[in-house]
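Here the structure is laid out as structure tokens; the discussion comes afterwards.
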Amino acid sequence: LLGAKDGTVLTIDSEEYSLQQFYTHFSKKQWESVDSTKRDNVFADFIKRELCVLEAKKLGLENNPDMAIKIRDLSHRLLVNESYEQLVAWPLINPDDIEDSRIFAQNELLISHILIGFAGASLAQQPKRSIDDAFILAQNIKNRFLSGEDFSRLAEKYSDDPGAGQNAGIVGWVSWGVTVPEFQSAAFRLEIGSLSDPVLTTYGYHLILVTDSRPSDYQYMSDEEYQDVIINLSKRSIRNKLRGAAVSYDSLQIEKHGVYFNPDAIKKIIQAYQLKLKETSIKGTENINAADFLESISDIGVVCVFDGSGFGPRWFANKIRQISASRQPVLNSGEIIISVFKTIVLQDLAVKNGYLFDIDNSFSFRWKKTNLVSGLLYDAYLKYLIKHAPIPDTTDVQEYYNKNL
């Protein structure tokens, strides 16, 4: 499988399935950890799954009205996330980080390391040495390696990596994007066989040794697929900035689209909700369904205005109905109502921006939507099989009992 030519691992009726499609359902890490005797079964399950999806398409299950609505709603949810990714997260990424990813993601390295920790490092058992002492020790160990001492013995004796006693400092094959930025930046710039200077991370000082290199699976990707991968690999560097950037972006969207909530309408919703709570308490009925409640109330008027249009409670009810019953909000205060409704408005704007900026045609979105639809069709086909399976008669039951007794 890993040696598949052109990255194609399966062909069904001239439709090709790539290595990355396989890893979407069964990650590379899982695949490499599976016993070789079980890999045939794993791959056979992948084939069966894709055959089920194709059969679902032939049966027209994708065009079933309920399925079409589900695909639309979940696709919009995907488009919300993708809009925030491309309009909020991507602009934060340093172009140099993207270029590093473009260069270094093409290879995987076989890496060993020695970790010298210090007091305050992110280690379960922290050494008592200071950060300066850790640097001096790391430098001394490097000098001993350059003088001819065996790396594995130095790792076993000095490394503060908990696994060093068993693996002699061998990390294994490492892809770009799976380690902390400082570590990978140093490792992927090393020549094979050379030992790095001490590299500082939150875990301590690392001495990194690269012993081999091989092409990564990304070598088979198309240009747009590879571009999507390297942007995602580069996002590690901006994770701590995302929340603040999203809050600022939301504030700008609220202002740009003239979002305004009618306080009188909000007050009426609260009053109606309190009356509903009393009714349910007297009748001993279940919790209030927020979507049903909003659709049932009248004489509320316009709840919210944005982009010059007014929206009432039923519009919000339709949006909330797309949320599972277990996650529907409790509308018992003005603060909660405005928070919930503001989120709905921002999501609606994100979908519109997704279409406006052609994000719905981006490779990233199309890839995710394809996987989403594939999963839905697979589940739908299994339900179809169960629904159309012949009902067993008495003889079938008796035979099954005797066979499995």
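The values are calculated or read from the model by the stated rules, or taken from the named source; none is laboratory data. Since we're looking at a predicted model, the values are computed, not measured. Don't worry about glycine lacking a Cβ; one is built from the backbone with ideal geometry, like all the others, and counts go over all protein chains shown. Quick note on the areas: whole protein, heavy atoms, side chains included, nothing else; ligands and nucleic acids left out. Shrake-Rupley method; radii C 1.70, N 1.55, O 1.52, S 1.80 Å.
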Worksheet item: Name the residues in region 214-227 that are within 16 Å of residue 188 (Cβ to Cβ) and either surrounded by fewer than 15 Cβ atoms within 10 Å (Cβ to Cβ) or free of Cβ contacts under 8 Å to residues at least 12 places away in the same chain (or both), would you?
Response: 214, 215, 219
Worksheet entry | Pairs, first closer than 11 Å to residue 79 by Cα and part of a helix (DSSP H, G or I) in region 355-371, second modelled with pLDDT of 95 or more and of a type in the set (S, T, N, Q), C-beta under 6 Å, six or more apart | 359/83; 359/86; 369/75
Discussion item. Among the residues in region 383-402, are any hydrophobic (A, V, I, L, M, F, W, C) and within 30 Å of residue 84 (Cβ to Cβ)?
Written reply: no
Practice prompt. Answer yes if at least one residue in region 124-144 is of a type in the set (Gly, Ala, Ser) and modelled with pLDDT under 95, and no otherwise.
Written response: yes
Worksheet item: Taking residue 128, is it touching a strand residue (DSSP E or B) at 6+ places or on another chain (Cβ under 8 Å) and basic (Lys, Arg)?
Response: no
Discussion item. Residue 235 - would you say it is surrounded by 16 or more Cβ atoms within 10 Å (Cβ to Cβ), of a type outside the set (Ser, Thr, Tyr) and either out of contact with any Gly (no Cβ under 8 Å at 6 or more places or on another chain) or in a helix (DSSP H, G or I) (or both)?
Written reply: yes
Response to the item:
Selection from region 132-180 of residues open to solvent by 70 Å² or more (accessible area, probe 1.4 Å) and within 30 Å of residue 233 (Cβ to Cβ) yields 135, 162, 166, 170, 171, 173, 178
Worksheet entry | All positions within region 364-401 that are aromatic (Phe, Trp, Tyr) and either in contact with a Cys (Cβ under 9 Å, 6 or more places away or on another chain) or under 24 Å from residue 56 (Cα atoms) (or both) | 365, 367, 378, 381, 384
Worksheet item: If you check residue 185 against the conditions, is it open to solvent by 20 Å² or more (accessible area, probe 1.4 Å), of a type outside the set (A, V, I, L, M, F, W, C) and closer than 22 Å to residue 121 by Cβ?
Response: yes
Worksheet item: Considering only region 6-30, how many residues are over 17 Å from residue 220 (Cβ atoms), open to solvent by 40 Å² or more (accessible area, probe 1.4 Å) and in contact (Cβ under 8 Å) with a residue 24 or more places away in the chain?
Response: 2
Worksheet item: Do any helices (runs of 4 or more DSSP H) lying entirely in region 247-331 carry at least 1 residues that are surrounded by 11 or more Cβ atoms within 10 Å (Cβ to Cβ), touching a residue at least 60 places away in the same chain (Cβ under 8 Å) and of a type outside the set (D, E, K, R), and which ones are they?
Response: 263-283
Fill in: Residue ranges of helices (runs of 4 or more DSSP H) in region 31-136 with at least 3 members farther than 30 Å from residue 377 by Cβ, within 22 Å of the chain's Cα centre (by Cα) and free of Cβ contacts under 8 Å to residues at least 12 places away in the same chain
none
Discussion item. Name the single residue that is farthest from residue 225 (Cα to Cα) among those in region 69-96 being among the charged types (D, E, K, R) and open to solvent by less than 50 Å² (accessible area, probe 1.4 Å).
Written reply: 73
Worksheet item: Does residue 243 satisfy the condition of being open to solvent by 70 Å² or more (accessible area, probe 1.4 Å), within 13 Å of residue 84 (Cβ to Cβ), assigned to a helix (DSSP H, G or I) and free of Cβ contacts under 8 Å to residues at least 12 places away in the same chain?
Response: yes
Discussion item. I need a count of the residues in region 332-346 that are buried (at least 19 other Cβ atoms within 10 Å of the Cβ) and not β-branched (Val, Ile, Thr).
Written reply: 2
Worksheet item: Taking region 347-398 as the search range and keeping residues that are open to solvent by 80 Å² or more (accessible area, probe 1.4 Å) and hydrophobic (A, V, I, L, M, F, W, C), which one is farthest from residue 70 (Cα to Cα)?
Response: 397
